[in-house]
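One structure is given here, and the rest of the page talks about it.
The values are calculated or read from the model by the stated rules, or taken from the named source; none is laboratory data. Since the structure is predicted, the reported quantities are computational estimates derived from the model, not experimental observations. For neighbour counting, all protein chains shown are included, and Cβ atoms are generated from backbone atoms with ideal geometry for every residue, glycine included. Accessible surface is based on the protein model in full, side chains and every heavy atom, while ligands, DNA and RNA are left aside. Shrake-Rupley method; radii C 1.70, N 1.55, O 1.52, S 1.80 Å.
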Amino acid sequence: MSLASPLVAALIVAAGRGTRAGDGPPKQYRPLAGRPVLAWAADALISSTDVGRVLVVIDPADSALLNAALPHGSKVLPPVAGGATRQASVLAGLESLAANPPDIVLVHDAARPFASADLIKAAIARIRDGASGAVPGLAVVDTIKAVDAGERVVGTPERAGLRAVQTPQAFAFAPLLAAHRAAAEQGVAGLTDDASVMEWAGHAVVVFPGEADNTKITHPQDFAEAERRLAGGAMLNDVRVGQGYDVHAFAEGDHVWLGGIRIAHDRGVLAHSDGDVVLHAATDAILGALADGDIGTHFPPSDPQWKGASSDRFLAHAAALLATRGGRLAMLDVTVVCEAPKIGPHREAIRARMAQILGVTPDRIAIKATTSEKMGFTGRREGLAALALATVRLPGDGP
């Protein structure tokens, strides 16, 4: 296979339950240094100039978690439902890509948050150079024992010929799809990685040097170690504060959207999108902290595609921009100004929804409400407004 400029897609496998990681949501959606593990795992793939598309295979029950962790965008495709096994999930992702097939596909585990840009380039290079499959691997330094069902040693393989393989694994797309289809048709299951599927189908797979830092999160203690590693990286000492403000007039309707929550009301709002003043103000606050325009810059009201759009997409976009800069949200403080509806009964639901969108814990979201003592347009019940302050931390020492 010789490709001068191959089309490359990345497939992230995120349909598993991760039961060995302990209680809680699937490990790929749990927070790691303020962001879901999946978001960290996807960073290098999304930012790679060699990768044109990124597709995540999920359990459909996790759709909301995925939307919060990894919003859809120009490079991130809508997710695909996975199967009962990793092998079935990868096949589902490959079939989805087959409608517009790439030349090369990378398959990556959602629980590997530390794969580097260099590792991705090395994987792609092996396929460009003619290999059908290429996987990163590390030489085994410990003595390995083979045991039987009773844990008795039955053999000691020569470790010089052993490699502990990682992801992303790279393949020529057509042979990998054909191999997965053949295995499914013949009822061959239990192949634990895609290199195994290619080997079963008779294709040669090469191993190239992996990275010791490219570890997989499997057990509860792995989270603590990953947190320590991230804390030892670039210091997030550039602290910035951005402000946002949004206002919408009331109109005919029976509900308003506030903080991603639909709230019954005797009026609606006049807006191009869903008119969620809380999410709009929060979006502008984060964009302000990044000095990256405002919501109208990124989502022009003149563009018909944003007509009636759900505002969680706007806030998720701002969060993704912050993550791309290597930053974290330290605090988001929002004040809603209106005579009605009452915010108190919905406060915790709003905090939880915004935390989900932003990939942080609810203790980093403050929601307050006040009236304007019957003065001004809010006092006359002509509309409602929201003010937001976002504090973010970026790599660097600050001014």
Do we find that L65 is open to solvent by less than 40 Å² (accessible area, probe 1.4 Å), part of a helix (DSSP H, G or I) and either in contact with a Lys or Arg (Cβ under 7 Å, 6 or more places away or on another chain) or within 24 Å of E225 (Cα to Cα) (or both) in this structure?
no
All positions within region 218-242 that are open to solvent by less than 80 Å² (accessible area, probe 1.4 Å), β-branched (V, I, T) and either closer than 22 Å to G327 by Cβ or modelled with pLDDT under 75 (or both)
V239
Please indicate, with yes or no, whether at least one residue in region 109-117 is closer than 17 Å to T215 by Cα, open to solvent by 20 Å² or more (accessible area, probe 1.4 Å) and assigned to a helix (DSSP H, G or I).
yes
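Residues are listed down the side, and each one gets a yes or a no for (1) surrounded by 15 or more Cβ atoms within 10 Å (Cβ to Cβ); (2) in contact with a strand residue (DSSP E or B) (Cβ under 9 Å, 6 or more places away or on another chain); (3) under 29 Å from S63 (Cβ atoms); (4) aromatic (F, W, Y):
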| residue | (1), (2), (3), (4) |
| --- | --- |
| A352 | yes, yes, yes, no |
| Q356 | yes, no, yes, no |
| E382 | no, yes, no, no |
| A385 | yes, yes, no, no |
Using beta carbons and a limit of 8 Å, which pairs, at least six apart or on different chains, have the first residue in region 302-319 and at pLDDT 90 or above and the second one open to solvent by 50 Å² or more (accessible area, probe 1.4 Å) and part of a loop (DSSP other than H, G, I, E, B)?
none
Restricting attention to region 140-169, which residues are in a strand (DSSP E or B) and out of contact with any helix residue (DSSP H, G or I) (no Cβ under 8 Å at 6 or more places or on another chain)?
A146, V147, V153, V154, G155, R163, A164
Subset of region 69-97 [touching a residue at least 60 places away in the same chain (Cβ under 8 Å), closer than 21 Å to A189 by Cβ and part of a loop (DSSP other than H, G, I, E, B)]:
G82, G83, T85
Which number in (1) over 26 Å from W40 (Cβ atoms); (2) touching an Asp or Glu at 6+ places or on another chain (Cβ under 7 Å); (3) open to solvent by 20 Å² or more (accessible area, probe 1.4 Å) marks the one condition that T297 misses?
(2)
Wholly within region 324-399, which strands (runs of 3 or more DSSP E) include no fewer than the required count, namely at least 3 residues that are out of contact with any Pro (no Cβ under 6 Å at 6 or more places or on another chain) and over 30 Å from A39 (Cα atoms)?
383-394
Suppose we filter A178, A189, A204, A182 for residues that are closer than 17 Å to A92 by Cβ and open to solvent by 60 Å² or more (accessible area, probe 1.4 Å); which single one remains?
A189
Does P341 qualify as being out of contact with any Phe, Trp or Tyr (no Cβ under 8 Å at 6 or more places or on another chain) and open to solvent by 20 Å² or more (accessible area, probe 1.4 Å)?
no
Tally the residues that are open to solvent by less than 50 Å² (accessible area, probe 1.4 Å), at pLDDT below 95 and of a type in the set (G, A, S), restricting the search to region 260-288.
5
Residue check, A123 against (1) small (G, A, S); (2) open to solvent by 30 Å² or more (accessible area, probe 1.4 Å); (3) touching a Phe, Trp or Tyr at 6+ places or on another chain (Cβ under 9 Å), all met but one. Which one?
(2)
